[in-house]
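Since the structure comes first, as structure tokens, the remarks are kept for the end.
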Amino acid sequence: MKKILISSCLAGEKVRYNGSDRKINHPLINKWDKEGRLILACPEILGGLSTPRPSAEIINGSGLDALNKHSKITDINHNDLTKEFIDGAEKTLEIIKEHNIDIAIMAERSPSCGSCKIYDGTFSGKLIHGEGVTTALLRKNGVTIYNENQLDDIKE
Ligand code: SF4
């Protein structure tokens, strides 16, 4: 059975910037967990950041813009974290390749893992349409991304 990548925070790991998780309780996730198919990854931790950490957003763009060096990621204190975010995305892609994964469940709104919506880079809580850096890199490499609100759409 094929493995499935999941954002660590959705699987209950307390790796979010504020030290919390976003654990989801869904029959499909519980089934995959029992089958031993879930591979957990937190791109920001893989990129060298620690928990807790200041919140971060993509400035003037989306994940693909950051990958193409057209926008950057900073934390709320204006520290440039673009390298750490891209490193984390690349390490997540290595995991994907190692396990031959083609589906990932990624936490919505994150500057790494978001797939439909991200914050707009003003640290004001405003959401825009866009994707995080890791999601952009995984999509570029053919991975199908679902967020935690789309689990009912997955046909197994
Ligand atoms: Fe969760 Fe992704 Fe943020 Fe890590 S980078 S805390 S996995 S949303």
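Suppose a student asked you for the relative contact order of the chain, using Cα pairs under 8 Å spaced at least 6 residues apart; what percent would you report?
Answer for the chain is 24 percent.
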Whole-Hz Karplus couplings 3J(HN,Hα) for the stretch 75-81, θ = phi - 60° and coefficients 6.51, -1.76, 1.60, Gly and Pro as x, run 8, 5, 8, 6, 6, 6, 10
All aspartates and glutamates inside 16 Å of K69 as judged from Cα atoms, apart from same-chain residues fewer than 8 positions distant: E57, D80, E84, D87, E90, E131
Name the long-range amide H neighbours of I59: under 5 Å, sequence gap of 5 or more, or other chain; modelled H, no Pro or chain starts. K72, I73, T74
Size of electric dipole in the stretch 1-78: Cβ of Lys, Arg +1 and of Asp, Glu -1, about Cα centre, debye, nearest 20: 280 debye
Arranged from highest to lowest average of other beta-carbon atoms within 10 Å per residue, in what order do the peptides 129-139, 3-13 appear? 129-139, 3-13
Rounded to the nearest 5, the percent of antiparallel DSSP beta bridges in the chain equals 40 percent
Links exceeding 28 Å between C-alpha atoms in this model, out of K34/K117; K117/K155; K34/K83; K31/K91; K97/K155, come to K34/K117; K34/K83
Quick check: the distance between the Cα centres of the stretch 111-156 and the stretch 27-90, to the nearest angstrom? 11 Å
With no solvent and one point per C-alpha, what does the Debye sum give as log10 I(q)/I(0) for the stretch 43-135 at q = 0.18, 0.25 Å⁻¹? -0.73, -1.35
How big is the charge dipole of the chain about its Cα centre, in debye rounded to the nearest 20, if each Lys and Arg gets +1 on its Cβ and each Asp and Glu gets -1 on its Cβ? 140 debye
Integer Hz, Karplus 6.51/-1.76/1.60 couplings in order for the stretch 127-138, x for Gly and Pro: 9, 10, 6, x, 9, x, 5, 5, 4, 4, 5, 5
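Rule-based calculations on the coordinates, nothing more; no lab input. Quantities reported herein were computed from a predicted structural model and do not represent experimental measurements. Virtual Cβ from ideal backbone geometry, glycine too; neighbours counted across all protein chains shown.
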